[in-house]
Amino acid sequence: MLACRLHTHPGAGGATPRVKVELALGSNPAARAHMAELARDPPSYMHPDVEWVPEDDVTKPYTAEAIVTVDGPAGSVYAHLPYRVQLSFFHTYPTMPPVVRFASIIYHPQIEEGGLVEDVFYDALEWSRKPNRHAKHVLSLVHQMLVEPLPGGLPLPRRVLSRIQQLQLRRARTICGYEPLHPPLFAQKPVLTAEWLDADLLAATRSRDEARMRALLTEVSPGVYSFRMATPAFCEAFLEEMAHFEASGLPKARPNSMNRYGVIVNEIGMERLVDVLQQEIICPLAELLYSEVKGCLSLDHHHTFMVEYQEGQDLGLDMHHDDSEVTLNLCLGREFTGAGLRFCGVFGEPTYRKFSYQYKHIPGQAVLHLGRQRHGADDIASGERMNLIVWNKSSSLRAVLPNERPAHGKVPPDEVCLSYTHDNDYEAFKPLPPGVLSRKERIAAAGGA
């Protein structure tokens with residue numbers, strides 16, 4: 001069994017402010033009173049601090065949201081790491097139970113992508129029984145489901161359950177077995193400072209001042225914004241950390257289905273850093289720029305990874321759109337030529353396959369766009385380019401399926417916006433690149449019809 005060493009360095013800029021336990025004040029006093037009781041006398045597996053989401057950022061229709069940290073049960077595959085659990089309270093609490101979402105990455109057969117627990121949890125909660133109508137009962141059941149899956153859930157094949165456990169154990173072994181070169185990047189309560197990020201950007205997003213934020217942004221193409229984000233010190237520390245991890249020999253997974261080289265930073269212990277980056281920088285910008293995404297009221301999890309392009313590895317990336325609501329793409333370096341980013345339209349719109357802009361990466365500069373924005377990376381001509389990519393996702397938006405069929409198939413595409421990976425009609429407009437199989441050949445190779 002692993003003996004995990006959590007990285008508790010306070011982060012850049014000094015000690016992290018202690019989270020205060022709020023009493024039954026403000027919205028939803030019943031929820032706040034119950035959480036205050038828990039914090040005063042927490043169960044052995046719960047950390048005593050309770051973090052309240054700022055009222056302006058509480059997702060409707062909830063009136064209060066609290067985050068607590070629990071330790072995984074001893075003897076389980078979850079024993080080695082802490083897990084942040086968010087409780088979202090309706091105004092009718094405790095008549096209605098809170099909605100439970102794991103705000104930490106976790107592999108579990110009864111927890112969905114984004115961290116929402118499945119319906120079997122609420123069945124087992126038995127909220128109709130008055131003695132159960134307390135947040136402490138909710139957390140007790142959270143702990144129980146980490147000991148073993150709750151009864152009554154959808155039965156899964158043994159091989160699927162085994163795979164889920166393997167993923168969780170691999171994640172724990174990697175995080176617990178890695179000794180960071182720069183511990184502040186792995187702090188459990190990171191503090192973002194001007195040592196790492198542009199001071200004007202930090203001040204503007206923390207104040208939520210629309211004019212100040214817009215003054216820092218350049219709209220290079222409709223819905224695509226560039227801005228100065230990271231300092232040379234942050235970029236260099238991050239790249240040094242990635243090289244240090246590569247040298248550790250610990251296992252790593254491909255960043256996504258298209259990039260072959262890089263690191264999923266969430267899987268090596270940097271998840272909390274990006275959580276704070278999402279909350280303090282990305283969410284305020286997304287709220288300002290993309291009304292349909294709702295920013296801090298919606299974005300609640302992320303898939304974050306570093307990609308690298310150089311000769312002999314990935315040279316570029318085919319046209320695609322991301323599995324995200326909003327994507328942040330930060331260039332870390334190093335020296336390179338080529339490797340630009342071509343933007344086309346937004347998925348579902350007639351301009352989806354129409355060229356709009358060619359972006360040039362600059363170390364320390366970020367570009368922000370909707371996940372549905374089609375884009376592709378030009379081949380690198382020389383050197384090495386490394387970027388930090390944050391796919392920002394919303395569990396609430398992903399519960400709503402779009403009703404309209406995409407309109408982009410009705411409009412002739414610009415050739416630079418075609419994707420041989422994703423467009424079934426690619427060959428109707430241009431020949432496939434050398435070595436790329438046709439769609440029929442790919443289906444045949446996969447054993448399809």
### Task
Answer rounded, prolate or oblate for segment 259-360, using the Cα gyration tensor with square roots of eigenvalues a ≥ b ≥ c: rounded when a/c is under 1.5, else prolate when a/b is larger than b/c, else oblate.
oblate
### Query
With each pseudo-label sitting 7 Å past Cα toward Cβ, what's the GLU349-GLU219 distance in nm, one decimal?
1.0 nm
### Relative contact order for the chain, counting Cα pairs under 8 Å that sit 6 or more residues apart, in percent
13 percent
### Message
What whole-number distance in Å separates the alpha-carbon centres of segment 26-67 and segment 84-137?
### Response
13 Å
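Given the pairs LYS60/LYS130; LYS130/LYS189; LYS130/LYS294, which are separated by over 30 angstrom at their Cα positions? Spell out each step's value before the answer.
On the way: LYS60/LYS130 26 Å; LYS130/LYS189 36 Å; LYS130/LYS294 36 Å.
Exceeds cut-off: LYS130/LYS189; LYS130/LYS294.
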### Task
Quote the charge dipole size of segment 203-293 about the Cα centre in Debye, to the nearest 20; the model charges only the Cβ of Lys and Arg (+1) and of Asp and Glu (-1).
120 debye
### Query
Looking only at ALA124, ALA135, ALA211, which one moves most when the chain is put into a Gaussian network model with springs between Cα atoms under 10 Å?
ALA211
### Task
Please get the size of the charge dipole for the chain, origin at its Cα centre, with Cβ charges of +1 on Lys and Arg and -1 on Asp and Glu, quoted in debye to the nearest 20.
860 debye
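Estimate the FRET efficiency between GLU195 and SER128 by the formula 1/(1 + (r/R0)^6), using the beta-carbon distance for r and 51 Å for R0, to the nearest 0.05.
The computed FRET efficiency comes out at 0.45.
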### Fluctuation leader among ARG272, ARG353, ARG212 - the chain, Gaussian network, Cα springs under 10 angstrom
ARG212
### Query
By average Cβ neighbour count within 10 Å, what is the ranking of 319-332, 162-175 from highest down?
319-332, 162-175
### Message
How far apart, in nanometres, would the label points at ALA36 and ARG173 be if each is projected 7 angstrom from Cα along the Cα-to-Cβ direction?
### Response
4.7 nm
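Leaving ligands, DNA and RNA out of it, report the carbon-plus-sulfur percent of the accessible area of the chain at a 1.4 Å probe. Mind showing how you got there, number by number?
Values: 11310 of 21120 Å².
Answer for the chain is 54 percent, counting heavy atoms of protein chains only.
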### Query
Which entry in (i) 25, 55, 18, 2; (ii) 23, 55, 21, 1; (iii) 17, 31, 24, 16, 9, 2, 0 matches P(r) over Cα pairs in 20 Å bins from 0, in percent derived from the coordinates of this structure?
(ii)
### Task
Let me know the shape class of segment 78-207, please: from the alpha-carbon gyration tensor, a ≥ b ≥ c as square roots of the eigenvalues, rounded when a/c is under 1.5, otherwise prolate if a/b is greater than b/c, or oblate.
oblate
## Note on the structure
Output ordering of 51-59, 29-37, 78-86 (per-residue mean of other Cβ within 10 Å, highest first) is 78-86, 29-37, 51-59
### Message
Using a Debye calculation, one point per C-alpha and no hydration shell, please list log10 I(q)/I(0) for segment 44-91 at q = 0.33 Å⁻¹ in order.
### Response
-1.15
### Task
Mind grabbing the accessible area of HIS137 for me, 1.4 Å probe, Å², rounded to tens?
50 Å²
#### Entry: Set of aspartates and glutamates with alpha-carbon distance to LYS136 below 18 Å, sequence-local pairs under 8 removed
GLU22, GLU37, ASP41, ASP49, GLU51, GLU65, ASP71, ASP123, GLU126
### Task
At 1.4 Å probe size, with every protein chain present, just tell me what the per residue accessible area of the chain comes to in Å².
47 Å²
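Rounded if a/c is under 1.5, else prolate if a/b is larger than b/c, else oblate: which is segment 345-403, with a ≥ b ≥ c the root eigenvalues of its Cα gyration tensor?
oblate
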### Query
Using a Gaussian network for the chain with springs between C-alpha atoms less than 10 Å apart, which of these wobbles most: PRO433, PRO180, PRO222?
PRO433
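The values are calculated or read from the model by the stated rules, or taken from the named source; none is laboratory data. All figures in this text were calculated on a predicted structure; none of them were measured in a lab. Don't worry about glycine lacking a Cβ; one is built from the backbone with ideal geometry, like all the others, and counts go over all protein chains shown. Remember, those area values only see protein heavy atoms, side chains included, never the ligands or the DNA or RNA. Shrake-Rupley method; radii C 1.70, N 1.55, O 1.52, S 1.80 Å.
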